[in-house]
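See structure below.
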Amino acid sequence: MTIKILSKQLISQISAGEIVDRPASVVKELVENSLDSGATVIDIEIEKGGIQLIRIRDNGKGILKNELTLALSRHATSKIRTLDDLSLLSTLGFRGEALASISAVSRLILTSRPVIQDIAWSIYSEGMEMKVQPVSHPLGTSVEVINLFFNMPARRRFLCTDRTEFIHIDELIKRIALSRFDIKFSLRHNNKIIRQYYPARNELEIGKRIAAVCGNAFVCNMIKVELIHYDLKLYGWISSPNGSRKKGDLQYFYVNGRVVRDRFINHAIRKSYANFLKEEQFVAYVLFIEIHPNQIDVNVHPAKYEIHFYKARLVHDFIYRAINNALVKSHDIDIPYLSIDKHQSKEKNKNLIVDKSDGIIEKQLNINPTEKNKPIEFLGKAIAVIQNRYVVMDSKQGVVLISLGRAEWLKIRAQFGIRESILLISRPLLIPLLIELIEELVSYVTDFSELLISFGLSFRVKNFSTLIVLGVPRILMNKNLSKLIPDLLSYIAFSNFNPSLIIENRKALANWITNYIISVKVDYSVCEALKIITELEKIYCGQLPLHDKKFVTKVDFSKSIAVLQS
């Protein structure tokens, strides 16, 4: 057989096969075009699983009349101009191949009206033939794809049933709906409304959309994730271990707003749950990563489902760290690999050193079998939470009012007094943090190394003005370390710490860190209030500082009773 150059039509059909493999891939390309055009409302109409008809209508910027023919030409795009633009992509599409590929394997009608035109224009394409004419149409663009693969019967025979093909389209719209909470999406199949996602402008509405896509079970068990490291940002929601699934059917990951499926990312997420899930369990998640466009290559897959990270290991560890931090931060999870062996902990607990807050109680606890079983002193029964910052309790001393802010302070401060506290065990940072400091502050890291190590802080001095943070205690993992570490060293410097006064230094630094952690006043829910009080009762074990006026005060009803009796 002699070598010949293929016809343009055959070349177009072969190229289209790389992008268009089923109706869902057509919907993906067209909806992404609508998003790139700035649309806020996108309507998707499907007939017979998308094989007979796919109609996408939006209210985006539209296409000028003289550009309609060009829009259906291969490698024609408004999104990039130079090679540099390819490395700084901010759009979902960029190749200029979608419409051309779709028109090569279907009968396509493209109708558009931008703001600057009084009337809309429509172009009809069937294979290589095109025809432009004026029509009535609102602002925006509509694309109709009719009889997909009509000119490729072999490809059409490989399509599944109408129902199966629509299931793929439905799943695709779910994925896109989670990536753009600000857009209204509607999905119809055979003239029936199947999905309607309204714009979500606040947390409640976002939660409703997540529930509509992922189900209420996911929302009830989801944990919020957020971590920023230079140009990297990861945020979204993951399921708690209690919300694990039997299948990996609720896993949505987005890179710069682009839906991606990547084994590399899945491995980082799975590794984060290694100590919490069994092999047959799957985590559910909706996660978004934002990264500078020049750090990724999205041009590695025809349908753009896969991307390449130039610093893959850094991204992998960053994702792992973010999710692991979120799991640790959630109230019902402790880090398994930090848990102390039961036999070992019994030995250690024989001689715990506890220094209570503000020097109220400071002594060595000698725990023996009789004291170990001593009943915990309870503050009483919680009656109500007032102004989200105080809790009213019915105690042995009568009705008392407790400051939740002070209660949390006492709880954290007491745990700093326990040297074997899990909160003070140093946890290595997966991505060491570099902080530029003045030479004087860096010198304090060496002078007070033992003190800092006792608080779970691990550093390495790179030079006279650069400090590398290698590890921090669990209680500081989610704090702004770039601000906290310099502030902490400044406090040591300006407080004239004496290296020989170990106990005094430890007390002062524990007080400072505790104040730093709860420096911002927060509102407490009823559940949070009860949790703080319960933990405080266990920690102080019969030695609650009931004389601390910042913590508790007795409520005197005598004046109120007198008024009622008068």
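The values are calculated or read from the model by the stated rules, or taken from the named source; none is laboratory data. Small disclaimer: the values here were computed from a predicted structure and weren't measured. Note: ideal-geometry Cβ built from the backbone for every residue, glycine included; neighbour counts use all protein chains shown.
Worth pointing out:
- Counted residues, segment 286-296 - those being free of Cβ contacts under 8 Å to residues at least 60 places away in the same chain and within 18 Å of the chain's Cα centre (by Cα): 2
- If you go through segment 303-317 and keep only what is of a type in the set (D, E) and modelled with pLDDT of 80 or more, you end up with just D317.
- Checked against (1) aliphatic (A, V, I, L, M); (2) at pLDDT 55 or above; (3) touching a Gly at 6+ places or on another chain (Cβ under 8 Å), I353 passes all but condition (2).
- Conditions (1) at pLDDT 90 or above; (2) out of contact with any Phe, Trp or Tyr (no Cβ under 9 Å at 6 or more places or on another chain): number failed by E203: (1)
- Residues in segment 315-330 that are of a type in the set (S, T, N, Q) and over 12 Å from the mean Cα position of the chain (by Cα): S330 only.
- For beta carbons closer than 9 Å, sequence separation of 6+ or different chains, a first residue in segment 199-219 that is in contact (Cβ under 8 Å) with a residue 12 or more places away in the chain and a second that is of a type in the set (D, E), the qualifying pairs are P199/D182; P199/E205; A200/D182; R201/D182.
- Only one of the numbered conditions (1) assigned to a helix (DSSP H, G or I); (2) outside the structural domain of K233 (by TED's automatic domain parsing); (3) at pLDDT 80 or above is not met by D358, and that is (3).
- Just one residue in the set K224, K278, K233 is among the basic types (K, R), surrounded by fewer than 15 Cβ atoms within 10 Å (Cβ to Cβ) and out of contact with any helix residue (DSSP H, G or I) (no Cβ under 8 Å at 6 or more places or on another chain); that residue is K278.
- Check on K208, within 20 Å of the chain's Cα centre (by Cα), in a helix (DSSP H, G or I) and over 23 Å from G60 (Cβ atoms): yes
- Scanning segment 231-262 for residues that are of a type in the set (S, T, N, Q) and closer than 13 Å to I289 by Cβ yields a total of 1.
- The single condition among (1) modelled with pLDDT of 80 or more; (2) under 20 Å from Y230 (Cα atoms) that L430 does not satisfy is (1).
- Unique match (being farther than 17 Å from R413 by Cα and in contact with a Lys or Arg (Cβ under 8 Å, 6 or more places away or on another chain)) among L441, L437, L481, L430: L430
Listed here are the residues, each with its yes/no results for (1) closer than 21 Å to F416 by Cβ; (2) out of contact with any helix residue (DSSP H, G or I) (no Cβ under 6 Å at 6 or more places or on another chain); (3) among the polar types (S, T, N, Q).
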position: N463; (1), (2), (3): no, yes, yes
position: L470; (1), (2), (3): yes, yes, no
position: S558; (1), (2), (3): no, yes, yes
position: I561; (1), (2), (3): no, yes, no
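- Pairs, first farther than 15 Å from V399 by Cα in segment 542-557, second assigned to a loop (DSSP other than H, G, I, E, B) and at pLDDT 70 or above, C-beta under 8 Å, six or more apart: P545/F551
- Exclusive hit being loosely packed, with under 14 Cβ neighbours inside 10 Å and basic (K, R), set R180, R157: R157
- Applying the set (1) modelled with pLDDT of 90 or more; (2) at negative phi to G236 leaves exactly one unmet item: (2).
- Selection status of K507, part of a helix (DSSP H, G or I), of a type in the set (K, R), under 24 Å from Y444 (Cβ atoms) and in contact with a Gly (Cβ under 8 Å, 6 or more places away or on another chain): yes
- Residue match in segment 329-345 (condition: in contact with a Lys or Arg (Cβ under 6 Å, 6 or more places away or on another chain) and either over 25 Å from D231 (Cα atoms) or modelled with pLDDT under 80 (or both)): no
- Some residue of segment 453-460 being surrounded by 15 or more Cβ atoms within 10 Å (Cβ to Cβ), under 31 Å from the mean Cα position of the chain (by Cα), of a type in the set (G, A, S) and in a strand (DSSP E or B): yes
- Residue, modelled with the highest pLDDT, within segment 254-294, restricted to residues that are closer than 20 Å to W237 by Cβ and either charged (D, E, K, R) or outside the structural domain of V315 (by TED's automatic domain parsing) (or both): E290
- Within segment 479-493, the set of residues being more than 16 Å from N511 (Cα to Cα) and surrounded by fewer than 16 Cβ atoms within 10 Å (Cβ to Cβ) comprises K479, N480, S482, K483.
- Matching residues in segment 241-284 - criterion: being in a helix (DSSP H, G or I) and either more than 19 Å from N325 (Cα to Cα) or free of Cβ contacts under 8 Å to residues at least 40 places away in the same chain (or both): R263, F264, N266, R270
- Scanning segment 551-566 for residues that are outside any loop (DSSP other than H, G, I, E, B) and either within 47 Å of the chain's Cα centre (by Cα) or surrounded by 10 or more Cβ atoms within 10 Å (Cβ to Cβ) (or both) gives V552, T553, K554, S560, I561.
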